[in-house]
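The values are calculated or read from the model by the stated rules, or taken from the named source; none is laboratory data. Here the structure is a predicted model, which is why all the values come from computation and not from measurement. Cβ: placed from backbone, ideal geometry, glycine included. Neighbour counts: every protein chain shown. The area values use the complete protein model at the heavy-atom level, side chains included, leaving out ligands, DNA and RNA. Shrake-Rupley method; radii C 1.70, N 1.55, O 1.52, S 1.80 Å.
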Amino acid sequence: MELGQDIWLFDGTTLDLAGFKYPTRMAVIRLENGELVVWSPIEASDALLETVGSLGKVAHFIAPNAYHHLFLREWIRAFPAAKLYAPASFSKRHLNVYVDEVLENFDFNGEILMFCYPTVHWDEAVIYHAKSRTMIFADVLQCLPRSNFDGWRRWVAILNLITGELPAVPRKTRFFTERKKARKTVKAMLALPTENVVIAHGSCVFGQGKDVLVKAFEWLSPSAG
């Protein structure tokens with residue numbers, strides 16, 4: 001799916017994690033110099049690799065957090081000259097994967113901005129594509145249909161706040177969020193003119209993205225506790 005000028009979304013396979021079904025999605029962004037940034041690579045196929053390669057030079061991979069690593073190696077094998085960018089916590093979990101740049105220290109010349117969302121156990125690099133006014137989340141926001149879960153798993157998903165009509169921060173993530181740091185991050189995100197909210201797992205929002213973000217992070221305001 002071509003979301004806007006120089007940004008594309010690709011839906012991947014659905015992961016079955018102990019009976020919990022999570023669809024996957026990646027984003028591809030073309031920089032002004034023609035290089036491509038591949039965010040959260042999904043399962044590769046020859047057709048997908050060819051399609052992405054036709055858009056420009058694959059030069060950068062982004063692993064947004066320590067849990068979005070499953071398909072990285074096959075993309076690195078296909079495009080060995082590309083650099084890998086990841087949050088600091090990624091290297092601690094994946095000692096055998098070489099990270100070229102820590103995301104907190106890199107902003108792609110202002111074309112893509114980085115925001116570190118902190119929790120006690122991991123951090124996620126939320127990215128913003130300035131040209132399309134798109135904010136992109138991996139696991140911090142989720143929005144999945146209840147039909148993805150059966151039996152007791154459906155109740156777990158509902159209680160975890162991931163089956164609403166709009167993307168929301170899972171209850172589990174809220175519990176582990178470092179709130180003081182996260183408030184600064186969210187304040188910076190909300191200062192941007194966001195139109196689209198893209199997430200790795202579930203339904204994205206196209207248009208009125210800032211309103212969606214304000215609602216999604218209401219729980220984080222000091223008055224909310």
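Scanning the stretch 162-173 for residues that are buried (at least 17 other Cβ atoms within 10 Å of the Cβ) and either in contact with a helix residue (DSSP H, G or I) (Cβ under 8 Å, 6 or more places away or on another chain) or of a type in the set (Phe, Trp, Tyr) (or both) yields Thr163, Pro167, Ala168, Val169. Leu55 - would you say it is modelled with pLDDT under 95, part of a loop (DSSP other than H, G, I, E, B) and open to solvent by 30 Å² or more (accessible area, probe 1.4 Å)? For Leu55, the condition - modelled with pLDDT under 95, part of a loop (DSSP other than H, G, I, E, B) and open to solvent by 30 Å² or more (accessible area, probe 1.4 Å) - is not met. The single residue among Thr194, Thr185, Thr173 that is part of a loop (DSSP other than H, G, I, E, B) and either under 28 Å from His69 (Cα atoms) or of a type in the set (Val, Ile, Thr) (or both) turns out to be Thr194.
Scan the stretch 85-100 residue by residue and report those that are within 16 Å of Glu124 (Cβ to Cβ) and either in a helix (DSSP H, G or I) or not small (Gly, Ala, Ser) (or both). Matches in the stretch 85-100: Tyr85, Pro87, Ala88, Ser89, Phe90, Ser91, Lys92, Arg93, His94, Val99. The residues of the stretch 146-161 that are out of contact with any strand residue (DSSP E or B) (no Cβ under 6 Å at 6 or more places or on another chain), open to solvent by less than 60 Å² (accessible area, probe 1.4 Å) and on the phi < 0 side of the Ramachandran plot, listed by number, are Phe149, Ala157, Ile158, Asn160.
Here Arg153 passes the criteria (1) under 18 Å from the mean Cα position of the chain (by Cα); (2) outside any loop (DSSP other than H, G, I, E, B) except the one numbered (1).
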